Structure formats: C-alpha cells, structure tokens
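I have placed the structure first, in the form of structure tokens, so that the comments after it can refer back to it.
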Amino acid sequence: MTICGCKGIRYCKLCENSDRVKAVKTECLPQPIKEFQLFCVKCNTALSCEHNQNNSPKFDIKGVIVYPDFISELEEATLVQDIDRGQWVPSQSGRYKQDYGPRANYKRKKLKLGQFQGLPSYSQYLRDRVAGIGDLTDFVPVEQCNLDYKPEMGSCIDFHFDDFWLWGERLIILNLLSDSFMFFNYEDNYIKVPLPRRSLILMSGESRFLWKHAIAREDIHSRRISVTFRELSEQFLTGDRAHEGQKIIELASEMSATLCRISRTTAKPRCVSVLFRTPTAPTSRHIYFLPTSCFYPHTEPPKTSCTVYTSSCPARGLSSIPEPPDYDVNLSPVALKEILDQCNIIDVRQPEELIADGVIPGARNIPLGELPAQIADIDSENVVFICKSGMRSLRAISFSIQYGFNKPRHLEGGMMAWNATFQNK
Ligand SMILES: O=C(O)CCC(=O)C(=O)O
Ligand SMILES: [Fe+2]
C-alpha cells in the first residue's frame, strides 16, 4: 500500500506500479506528448517570431499573457516560507495541495461556505499587485490554490479545463521555485508556454475556454509551487446566484490572519513591525520595509486591519525579516578555521562568485535564492552560512531558524574577511 492522493487513472511515482494503475489499460493513461509549438512570452504568440523559429506553426493561442519577474527573489523566499507554514495535503498525480476557497460539489452544483475563513493574509500584496495590472482591476479572487510539484513524486496535472460553472473567465497562476511550462491542447494541437520562475501567467479567452491546460511530468525538474487565483463566474457575480457570490466575496476578503498589533520600529525608521495571529502560526511578527512611495511616514499606521495596511503599501520591494536571533551568530575567520571540520558549511553565493573569490574547503554551494527549495536536504545542526560580506548569510540564518535549524551561525564579514585574514599567509 502506498500513501498518495491518486485515484482512478491518475498516478505518481509512488503508485505507478500498483495493481490499481496496472489494471488501467495503457492506452487510457496519459502519455508524454513530444510534438508541440513553443510560445514566445515576449511576442505573446506561438507562431514564428524573431525569438522563436517554430517549425511549420499551425495554430496560435489567444488569451495568454506571461508577466516575467512578477515578484522579486526575496519576495519569493518569504512567500514560500509563509506557504510552507500551512499544511500540504496529498492530491492527485503526485501533487500536494493547499486550498483556500469555498468547498464545491461540482456535480451537484452546491457550495459549502462553513469552513471558508478567507484567503491567506500573506498573499494580500500579490492580489493587490494583480489588481494593479490594467485589465485586472476588477479581478476579485475568491480562491487561492497552492500546488506543490516534486520530480521525485512524478508530480503533474493532466490536460483539463478548470470548472466553468463556478470559476470565471480569468485564471491567474504564479510560478515559484523553478522554471516550467504550461502545456495547452486543442484537438491535435499542442503548445507549450514557458513559465519562468517568479513569473505570473494570465489565462483568459480562448486559452481558458477552448484549450485544455496541463503541467507535464517531464517539465518538473526540481520543486515547483504554483499559486492559482480564481474569480467567480458571471452567474455568481450578476446572475441568479449573485447573493451567494456576494457572500463568498465577503468571506474571501476576511483575512484568515488576525492583525494583533502594528507599530513603528524606533530602531529602523523605514520599517513597521506587524504582529499577526494565524491558524498555522499563533503569533508571527514581520518587520516590513516600507517602500519610499508608501504613505508612511506621513500618517499613522492603521491599527485595525491588515488589508488596509497591505493594500495601502505598494508591495514592490516589500519583504519581511524575522526577529533577530538571541545567541551570537558571528564567527570570525580565525574562530571558524579552528572548528572547520565540525561545521556544516553552506555557501549562499552565486556559483560565479566562488570562482572569483575562492571557497572554504568542504563548503556546499546553495545560492540564497535556492535555499527555500533545498533547505529540507540540509542537516540542521552546526550550520555555518558563508557569503561575500556577511549580509546574505545573515538572511540565510533568519530563514533557516524559521525552519527549525539549531543555532545556525555565519562567517562575519564573509569571504572578504576570510581572504583578508588568510590570503598570502
Ligand atoms: O500548477 C499549475 O500551474 C496549474 C494548476 C491547474 O491547472 C489547476 O489547479 O487547475
Ligand atoms: Fe487548471
């Protein structure tokens, strides 16, 4: 017996050799598709263009827009950290799922709102940013679905339409942690749309109603998280179920996190400290750097609602840092050298910096941006983070403490201090 979320013809690497999957006729199982056209995210076309010489393109797809770099690397790291605080539940085809939205019985066309506590507060700034895109000012997301794809699980999602009865014309998906492709199919035409890491894809019009979409197993090379936002269909907005729709919209905008306190930090004038209480993290304190364009420091921070706070702050550049650690995180180059063989050294620089400035023997290179995806593979004891000057390694410390690492430390002053101490000696 394997424990996974697969049923019927769906399978993952845990259950693909099970009796249930073997019993399904091979021709019924989804097979890899080898022939497809490639979509150009610069020209928004699957036809040949200056970036992409597709062989004899047959079809174009309308209604797809990809927004590269929709969030920054730091925002991604913080977002993944917030998402991972929630519980992942096994789903079909080797995926894991976190669903925030109304419970729906699609066959009976019935909704249950009892459990729905609203969309998570950590994604409020994303929703605000989406609403800042020209055509999406009236996009009111009422569902957020996070999916976790892992190559070792063979995670994928087969070709499908998202439900039309409940969900509206526009689907919005944020692609986190690794590059991938959204695969589209209409009759015998296949198109792959690149989804660079940290990009957002908007699917509407033909790409929503005519073409099915999928994420292929062969396009998951390392951990990938997708965050899908869905709006209500017309009948829940203006049609005969509008009263239910209104209730859902009200519930969706209620934060599942309660804002406990928001205060200015005296030590850092451009920051506010925000205390939240959420079902998954009883109290979590975030210090937000305020963008210069933000209304602070001209007015008092709002005291009652974090919706007001987040939607009033243009979220670009917003990032959170946890509490400072309560032990000495600093190791001097000399101190580190003495205990080098007992340390688990993680170098968070980019690979090209290792070539330029040298490495400490035994160090494992995990660039800071990769840390959220790889942190589960690091032994959490005796960790010493290294970077060029000691700034990124401090962030790595904060991040890893939240994952339960035991007193991680760093090389104070980074490789610059190390080289100044030991080079030519
Ligand atoms: O993970 C993705 O990007 C696609 C998810 C999807 O299509 C769905 O949940 O309906
Ligand atoms: Fe979908």
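The values are calculated or read from the model by the stated rules, or taken from the named source; none is laboratory data. Please read all numbers here as calculations on a predicted model, not as lab measurements. So basically every Cβ, Gly included, is an ideal-geometry build from the backbone, and we count neighbours across all protein chains shown.
A compact table of results
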{"item": "Residue within the range 127-139 that is among the β-branched types (Val, Ile, Thr), free of Cβ contacts under 8 Å to residues at least 40 places away in the same chain, in contact with a helix residue (DSSP H, G or I) (Cβ under 9 Å, 6 or more places away or on another chain) and more than 16 Å from ligand 1 (Cβ to nearest atom) present", "result": "yes"}
{"item": "Unmet criterion (only one of (1) closer than 29 Å to Leu79 by Cβ; (2) in contact (Cβ under 8 Å) with a residue 24 or more places away in the chain; (3) not charged (D, E, K, R)) for Ala363", "result": "(2)"}
{"item": "Entirely in the range 326-425, the helices (runs of 4 or more DSSP H) that have 1 or more residues that are surrounded by 15 or more Cβ atoms within 10 Å (Cβ to Cβ) and within 24 Å of the chain's Cα centre (by Cα)", "result": "371-374, 392-402"}
{"item": "Candidate set from the range 374-395 (those that are charged (D, E, K, R) and in contact (Cβ under 8 Å) with a residue 12 or more places away in the chain); member that is farthest from Glu76 (Cα to Cα)", "result": "Glu381"}
{"item": "Boolean, Arg230 is more than 19 Å from the chain's Cα centre (by Cα), in contact (Cβ under 8 Å) with a residue 60 or more places away in the chain and within 12 Å of ligand 2 (Cβ to nearest atom)", "result": "no"}
{"item": "Residue that is part of a loop (DSSP other than H, G, I, E, B), of a type in the set (Asp, Glu) and away from ligand 2 (no atom under 16 Å from the Cβ), where the choices are Asp128, Asp138", "result": "Asp138"}
{"item": "Odd one out for Cys6 among (1) closer than 15 Å to Arg95 by Cβ; (2) of a type outside the set (Val, Ile, Thr); (3) at pLDDT below 85", "result": "(3)"}
{"item": "Of the criteria (1) within 20 Å of Pro57 (Cα to Cα); (2) touching a helix residue (DSSP H, G or I) at 6+ places or on another chain (Cβ under 9 Å); (3) within 13 Å of ligand 2 (Cβ to nearest atom), which one Leu166 fails", "result": "(1)"}
{"item": "Odd one out for Lys97, checked against (1) of a type in the set (Lys, Arg); (2) touching a helix residue (DSSP H, G or I) at 6+ places or on another chain (Cβ under 8 Å); (3) within 16 Å of ligand 2 (Cβ to nearest atom)", "result": "(2)"}
{"item": "Residue list for the range 46-61, filter: surrounded by 14 or more Cβ atoms within 10 Å (Cβ to Cβ) and not aromatic (Phe, Trp, Tyr)", "result": "Ala46, Leu47, Ser48, Cys49, Asn52, Asn54, Pro57, Asp60, Ile61"}
{"item": "Residue count for the range 125-154, restricted to those that are at pLDDT below 85, within 18 Å of Leu232 (Cα to Cα) and surrounded by 13 or more Cβ atoms within 10 Å (Cβ to Cβ)", "result": "2"}
{"item": "Residue in the range 202-218 that is nearest to ligand 2 (Cβ to nearest atom), counting only those that are surrounded by 20 or more Cβ atoms within 10 Å (Cβ to Cβ) and assigned to a helix (DSSP H, G or I)", "result": "Arg208"}
